[in-house]
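Encoded as structure tokens, the structure appears first; notes follow it.
The values are calculated or read from the model by the stated rules, or taken from the named source; none is laboratory data. Please read these numbers as outputs of a predicted model, since none were measured by experiment. No Cβ is skipped: glycine too gets one built from the backbone with ideal geometry, and neighbour counts run over all protein chains shown.
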Amino acid sequence: MVVPLYGRWIAAAVGVLLVGISAKSVIGTLMVPRPAGGRLTPWVDRLVNDVFQLVTAPFTSYKHRDRILANQAAILLVCQLIVWLAIFYLGFSLLEWPFTAGGVTRAFDLAGPALWSDSDSAVRGAAGHALQYCAALTGLVTVTLQIAYLPTLYSAFNRRET
């Protein structure tokens, strides 16, 4: 089934929305010094917290619960990064679709390598290349900001423990 061009442009508009939501969450969570991450970060936090509550529910000993809950912050950071990159991947794939000769699966094939590592040389046209470079920069900046955020978290943890 061939999707008409206007359908691809509607999908591209949804892609812009997804990239914007994820970018707002990354910037608000990792760069703004007050809570401004939008709804995505609290959603991931609530999901991870609920999973940990389910896992620790059978244990009555504080020592066992504490041993399990000690990993919650690290798993939350990894889950946030996975969710951000997954939404960027979906958004950039939908953005790439109008400029791709193949179907939507080809757009996903082109957006993936750009977001995770470097752009794919199979893209044709200036718009496709520009989108791939934006996806590559977005993936790199997101991972870099998450890594740069770790010393801030570590110092806050040390202050709390003191």
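Whether any residue in segment 102-116 is hydroxyl-bearing (S, T, Y) and surrounded by 16 or more Cβ atoms within 10 Å (Cβ to Cβ) is what I want to check.
Scanning segment 102-116, I find no residue that is hydroxyl-bearing (S, T, Y) and surrounded by 16 or more Cβ atoms within 10 Å (Cβ to Cβ), so the answer is no.
Going by what's in this entry, would A130 be described as of a type in the set (A, V, I, L, M), at pLDDT below 80 and out of contact with any Leu (no Cβ under 9 Å at 6 or more places or on another chain)?
no
Can you find a residue in segment 124-140 that is within 19 Å of V16 (Cβ to Cβ), in contact (Cβ under 8 Å) with a residue 12 or more places away in the chain, assigned to a loop (DSSP other than H, G, I, E, B) and of a type in the set (A, V, I, L, M, F, W, C)?
Taking every residue of segment 124-140 in turn, none turns out to be within 19 Å of V16 (Cβ to Cβ), in contact (Cβ under 8 Å) with a residue 12 or more places away in the chain, assigned to a loop (DSSP other than H, G, I, E, B) and of a type in the set (A, V, I, L, M, F, W, C).
Only one of these is assigned to a loop (DSSP other than H, G, I, E, B), at pLDDT 90 or above and either more than 16 Å from the chain's Cα centre (by Cα) or surrounded by 14 or more Cβ atoms within 10 Å (Cβ to Cβ) (or both): P58, P33. Name it.
Going through P58, P33 in turn, the sole match is P58.
Just checking, does segment 70-90 include any residue being touching a Phe, Trp or Tyr at 6+ places or on another chain (Cβ under 6 Å), within 18 Å of L40 (Cα to Cα) and modelled with pLDDT of 85 or more?
Within segment 70-90, one or more residues are touching a Phe, Trp or Tyr at 6+ places or on another chain (Cβ under 6 Å), within 18 Å of L40 (Cα to Cα) and modelled with pLDDT of 85 or more.
Considering P35, P113, which residue is without any contact (Cβ under 8 Å) to a residue 40 or more places away in the chain, closer than 24 Å to A148 by Cα and touching an Asp or Glu at 6+ places or on another chain (Cβ under 6 Å)?
That would be P113, the only listed residue that is without any contact (Cβ under 8 Å) to a residue 40 or more places away in the chain, closer than 24 Å to A148 by Cα and touching an Asp or Glu at 6+ places or on another chain (Cβ under 6 Å).
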